[in-house]
Amino acid sequence: MTGNQPPSVILLSGGLDSATCLAIARDAGFAIHAISFRYGQRHEYELERAVALARHFDVASHRIVDINLSQFGGSALTDDSIVVPKSDSVDQIGNAIPVTYVPARNTVFLSLALAFAETINSVDIFIGVNALDYSGYPD
């Protein structure tokens, strides 16, 4: 990494979409500052993958930010009293919002990524979302 690479912030969940964004940003020549979130989710696997990806791509920095979205409830990912379904097809989801939707999660994450970007003088934020992989999530 050289000192003249433009800084960027990458929302790094550890999933496929954010890993792809990380690789694209690296190939584009950005100095990568990754941000991941421990938001009260019931699993740690994706965070473990985020740490491994950050190491693999030798990012400039990687922060794991603790925010507790489980305080609001409303999602099987953050509320132990709501069962996580094994799988739902698009036909099963229909027009309903899945129980695995965490209200405004991506909006909250983007807001915090923007705050982080301001502290490192970055104007580039990467987030891996995929409209073709529709999950019924409104955000």
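The values are calculated or read from the model by the stated rules, or taken from the named source; none is laboratory data. A quick note: this is a predicted structure, and the numbers were derived from the prediction, not measured. Here Cβ is always computed from backbone atoms with ideal geometry, including for glycine, and neighbour counts include all displayed protein chains.
A compact table of results
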quantity: Neighbours by Cβ (under 7 Å, 6+ apart or cross-chain): first from the stretch 23-36, under 17 Å from Arg49 (Cβ atoms); second charged (D, E, K, R); calculated: Ile32/Arg26; Ile35/Arg63
quantity: Residue within the stretch 83-95 that is surrounded by 14 or more Cβ atoms within 10 Å (Cβ to Cβ) and at pLDDT 75 or above present; calculated: no
quantity: Options His56, His62, His33: the member that is loosely packed, with under 14 Cβ neighbours inside 10 Å, at pLDDT 95 or above and within 18 Å of the chain's Cα centre (by Cα); calculated: His56
quantity: Subset of the stretch 1-16 (residues that are surrounded by fewer than 18 Cβ atoms within 10 Å (Cβ to Cβ) and out of contact with any Asp or Glu (no Cβ under 8 Å at 6 or more places or on another chain)); calculated: Thr2, Gly3, Asn4, Gln5, Leu16
quantity: Top-ranked residue of the stretch 96-139 - restricted to ones that are exposed (fewer than 15 other Cβ atoms within 10 Å of the Cβ) and modelled with pLDDT under 65, ranked as farthest from Ser70 (Cα to Cα); calculated: Leu132
